[in-house]
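J.: Mind looking over this structure? Questions follow.
The values are calculated or read from the model by the stated rules, or taken from the named source; none is laboratory data. Remember, it's a predicted structure, so these values are computed and weren't measured experimentally. Counting neighbours? That spans all protein chains shown, and the Cβs are built from the backbone with ideal geometry, glycine included. Protein only, heavy atoms only, side chains kept; ligands, DNA and RNA dropped before computing areas. Shrake-Rupley method; radii C 1.70, N 1.55, O 1.52, S 1.80 Å.
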Amino acid sequence: MDTLVGLGSAGCNIVKKFSQHPQYECYYIDSEEREEKNFYQVQKQKSCEEYENNCPPFDDFFDNVTDDVLFIVGGSGAISGLSLRVLEKLRDRNINVLYIQPDLQLLGEFGKKQERLTQQILQQYARSGLFKMLYLISNPSLEKINNVSILNYNNQLNELIVSTIHMLNIFNHTEPIMQTFDELPETARIATIGLVDVKESEQKLFFPLDKIREMRYYYSINREELEKEGDLLSNVKEYIKEASTDKVRASYGIYTSNYEQSYGYVVAFSSEIQNEIFV
């Protein structure tokens, strides 16, 4: 069973949506009171620095956390200053980090600096190997993919994030009927995810990742379509060839599905720090 740890309102709300699936053990850390089990309420602080300097001990809170952890945090809240402290408590586990970048146009100058600092530090730690992978997701990128209403904005974006990651987790625990995956480059530790239109071969990434080194495509194909669609494999291969360049290695896996509709997903990997700035 994978363990999910949400920090702050954004992280906790995403973890809450994962809790509908029995495959996940969910933990929550926030300054606002919540009703979920495995919840740790921290004292509210004014800045990232105050959260970091006043980090609670988390005595026994993580004792039952399994080896594989996905840590989820948003970049808009000051509580993100606890990120490295929490990750330090989990350092003997296999850690992946999911970072949600807010719409920067909605933040003030202080908020923008805070977000940049959090994102850059997490990327540097990913590059250093402190955790296995850092997945970046941008809310503005999600908006372009999924038409969202004002009232259900966060809920709809979180649904898209959770459904995509959950399907990718299923694929990673399922034997494909055909695949060309290989070992990832050791330094490719910054990534994003996305959707692929199986019919149109159009992909939409959840973050505008630069200097991509590897693209992994996951095709969830209706069983009946696999049996009858003669051009499917050739179309997939053609798309993979087009996605492959001298600098980008593309690979694919094909999985059977009982869903009526076929779906495609992609994970893109980079070895380079994204949006690098001096802070």
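J.: From the phi of every residue in the stretch 264-275, what ³J(HN,Hα) in whole Hz does the Karplus formula 6.51 cos²θ - 1.76 cosθ + 1.60 yield, where θ is phi - 60° and glycine or proline is x?
T.: Whole-Hz 3J(HN,Hα) from phi for the stretch 264-275: x, 9, 9, 10, 10, 10, 9, 9, 9, 5, 8, 6.
J.: Whole-Hz Karplus ³J(HN,Hα) for the stretch 207-224, in order, using 6.51 cos²θ - 1.76 cosθ + 1.60 and θ = phi - 60°, x for Gly and Pro?
T.: For the stretch 207-224, the Karplus curve yields 7, x, 5, 9, 6, 5, 9, 9, 10, 10, 10, 10, 10, 9, 10, 3, 4, 5 Hz.
J.: Once you place label points 7 Å from the Cα toward the Cβ at E200 and S271, how far apart are they in nm?
T.: Placing both labels 7 Å along Cα→Cβ, they lie 3.4 nm apart.
J.: Under a point spin-label approximation (7 Å from Cα along Cα-to-Cβ), what is the I145-E242 distance to one decimal in nm?
T.: Simple spin-label model gives 2.0 nm for this pair.
J.: Now a separate question. Can you give the accessible area per residue of the stretch 191-237, in Å², using a 1.4 Å probe?
T.: For the stretch 191-237, the solvent-accessible area averages 53 Å² per residue.
J.: Ignoring everything except DSSP H segments at least 4 long, calculate the 222 nm mean residue ellipticity for the chain; use -39,500 (n - 2.57) per segment, divide by total residues, nearest 500.
T.: The helix contribution divided over the chain gives -9500 deg cm²/dmol.
J.: Give the long-range amide H neighbours of R249: residues separated by 5 or more places, or on another chain, with amide H under 5 Å away, using H modelled in the peptide plane at 1.01 Å from N.
T.: HN-HN under 5 Å from R249: E214, M215.
J.: Multiplying the sequence separation of E49 and K89 by 0.36 nm and subtracting their Cα-Cα distance, what value in nm do you get?
T.: Details: separation 40, 0.36 × 40 = 14.40 nm, distance 1.80 nm.
Stretched fully, the E49-K89 segment lengthens by 12.6 nm.
J.: Counting only heavy atoms of protein chains, what accessible area per residue, in Å², does the stretch 53-182 have with a probe of 1.4 Å?
T.: Roughly 51 Å² per residue, with all protein chains present.
J.: Here is a further query. Expected output is a single nm value to one decimal: the length gained when fully extending between H166 and E109, i.e. 0.36 nm times separation in residues minus the C-alpha distance. What is it?
T.: 17.1 nm
J.: If you stretched the chain out fully between T180 and E260, how much longer would it get, using 0.36 nm times the residue separation minus the C-alpha to C-alpha distance?
T.: 26.3 nm
J.: Given charges of +1 on the Cβ of Lys and Arg and -1 on the Cβ of Asp and Glu, with all other atoms neutral, how large is the dipole of the chain about its Cα centre, in debye to the nearest 20?
T.: In debye, rounded to 20, the chain gives about 540.
J.: Carbon and sulfur: what percent of the chain's accessible surface (1.4 Å probe)?
T.: 44
J.: By how many degrees, between 0 and 90 and to the nearest 10, does the Cα long axis of helix 153-172 differ from the longest principal axis of the chain?
T.: Once rounded, one gets 60 degrees.
J.: Before anything else, pin down the relative contact order of the chain: Cα pairs under 8 Å, at least 6 apart, normalised by residue count, whole percent.
T.: 16
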